Amino acid sequence: MSVQIPKLLCAVTIETYCRRDNSLSNRCVISEAMVTLGRNALKDCVIRVDDRKSGRSVHQFVLMHTKLNYKLNTRFVLDGKSSITLTDPNVCIFISNCPSNQLSLFLKCFVFKCDYYKRSTGEWSGVQDMRQRLVADKHTMFDEMSPLSAKDIDRNVAIKRRLNAQNMALNALNGNGVQESPKSSKCLHKKSLKKRKLIERDENCEQSVRKRQTMEALIPSPVRQMRLLNENRLTGEQRRVMSAVVSGRSVFFTGSAGTGKSYLLRFIIARLPPDTTYVTASTGIAASHIGGMTLHMFTGLTPDQSRDASAEECALKLMSNACKVNKWRKCKCLIIDEISMVCGKYFQLVDSVAKIVRNCDQPFGGIQLVVCGDFLQLPPITRRDEEKVFAFQSTSWDQCIGHSFQLSHVKRQSDHTFIRLLQNIRIGNCDHLMTTQILDTLNNDLKCKDLCPTRLYTHRNDVDLINSRQLSAIDSKCVVFTAEDIIKPENWVIRVSNQKYVMRRHLPLQLSWALSIHKSQGMTIDNGVEISLARVFECGQTYVALSRCKTLSNLRIIDFNPKSVIVDSNALQFYNNLKFN
């Protein structure tokens with residue numbers, strides 16, 4: 001099995017510095033670049049930067065294998081940014097707007113391939129013959145770097161071990177009993193990058209320990225700690241969704257709770273350019289799970305505007321905010337998670353405003369939509385006198401969503417009895433046998449030495465009451481932190497010469513002995529769940545609460561009534577008529 005080194009499609013800024021005083025002598029910005037790793041005739045590593053607009057190769061940078069003449073900055077890889085500093089020549093390559101997963105893989109392979117050994121014959125090479133280096137035509141010949149294979153890893157491990165043995169022998173001859181640590185690539189080691197924790201030594205960890213030790217010997221810590229999502233772990237259904245998204249299609253993918261919808265979203269986010277991709281969700285807690293923002297924050301439109309104002313009025317108000325307009329026009333792909341809680345009228349309004357702000361009559365103003373959620377879970381939150389309208393009931397839905405996919409393989413639960421129970425509750429079925437299974441959970445003992453079970457309630461007043469009681473039961477000194485919020489005008493102008501600090505003192509913490517079922521949607525709770533279903537008032541509320549847990553033995557349900565299993569008939573009909581790709 002081999003690993004193909006990706007070509008980076010990104011933005012690149014190349015800065016060249018004067019050798020004498022390190023002053024900036026030249027700066028080149030390429031908004032649409034392709035970065036490729038290869039070798040020249042002398043087997044030196046070469047970084048080639050092509051301009052995709054003109055189709056020409058703009059720059060080639062040679063890294064002699066006999067020198068360690070590069071440094072990496074990997075602190076912002078998750079944001080699609082990194083820099084490669086070459087000390088000979090004195091150049092810095094800034095990479096931005098790059099899919100984070102591809103950037104992580106590229107840098108890992110870059111460090112591995114461009115280290116200070118040459119593998120043309122599998123043996124360590126000394127200094128190249130200078131005559132051969134001068135005569136060789138390094139700039140015209142460029143071969144793309146070969147994939148990283150298991151044979152490469154084994155060979156490099158053997159080289160490292162031989163070098164370590166040589167160091168130990170030299171130290172013994174010199175009378176120094178301390179072994180010199182093998183040199184690694186010169187990467188910028190930021191203090192904010194924490195060391196990876198050691199794997200617990202249990203019966204099954206020997207293979208993991210060997211793998212970790214191998215990677216530690218070959219790849220330095222800052223690069224090794226970069227997150228890399230392995231797409232081989234995706235199911236066939238998830239790969240089909242990924243393929244459709246990467247090809248630029250607007251998609252909706254759904255599935256029951258625990259089928260890996262949010263898990264798949266993380267892979268999708270890692271494959272898309274971060275500067276033009278905006279990750280949103282219908283609620284703040286759902287957005288935090290995928291590292292995004294609420295849909296209302298991105299659009300700049302409040303839910304009340306869908307009731308009280310027209311699309312033209314909302315767009316006119318939005319156009320007065322240059323920052324929000326720039327965000328709208330910059331966006332190429334919009335991801336929306338937990339779509340079931342987005343009101344259909346609001347979805348229609350956002351579509352109309354997008355067309356006006358972006359001056360484009362295509363659906364959503366030409367933005368690619370990646371929509372995820374389960375309409376058989378919680379519906380949109382509306383006023384009591386207002387009819388609930390799902391996003392699929394808006395006239396914009398069929399125009400905006402061209403492809404629909406369903407994830408059917410449940411990942412969260414492994415107990416087939418529990419999975420069948422949840423699948424029936426999802427569509428509103430609850431017979432006598434299922435009722436008995438749910439009522440039997442009342443006898444489950446969820447007590448644990450370290451963690452208490454999370455309690456889920458239908459109403460927030462019950463949640464606040466339980467949290468207050470649990471806080472009062474703690475026998476320790478009470479420390480009060482007061483948030484200092486000061487009302488300031490929207491446009492706050494200060495002079496730089498004043499040298500003032502801008503501060504906001506606040507601890508963003510919330511008690512969580514108990515949660516509302518609405519807040520729990522999208523969560524997986526491992527420490528046991530105790531649920532009160534006495535006051536169920538919403539469709540899908542019972543199903544969402546039951547599906548937060550992985551096993552039936554970690555579930556304890558209080559005051560269950562089969563009548564609390566409610567499903568929305570419109571959502572059920574939508575799934576019955578929906579044709580999946």
Among DSSP bridges having both ends in the range 231-407, what percentage is antiparallel? Round to the nearest 5. 0 percent
Within the range 508-581, DSSP-loop chymotrypsin sites (Phe, Trp or Tyr not before Pro) with at most 12 other C-beta atoms within 10 Å are Phe537
The range 231-407 - percent relative contact order, Cα under 8 Å, separation 6 or more: 30 percent
In cubic angstrom per residue, the convex hull of the range 282-409 built on its Cα atoms measures 116 Å³
Applying a 10 Å radius around every beta-carbon, put 427-438, 7-18 in order of their mean neighbour count, most first. 7-18, 427-438
What pairs from Lys388/Lys447; Lys7/Lys151; Lys7/Lys43; Lys324/Lys519 go past 31 Å between their alpha carbons? Lys388/Lys447
Quick check on packing: order 30-38, 394-402 by the mean number of other C-beta atoms within 10 Å, highest mean leading. 30-38, 394-402
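Since every read-out is calculated from the coordinates, none of them should be taken as a lab result. All values derive from a computational prediction rather than experimental measurement. Glycine also receives a Cβ, built like all others from the backbone with ideal geometry; neighbour counts cover every protein chain displayed.
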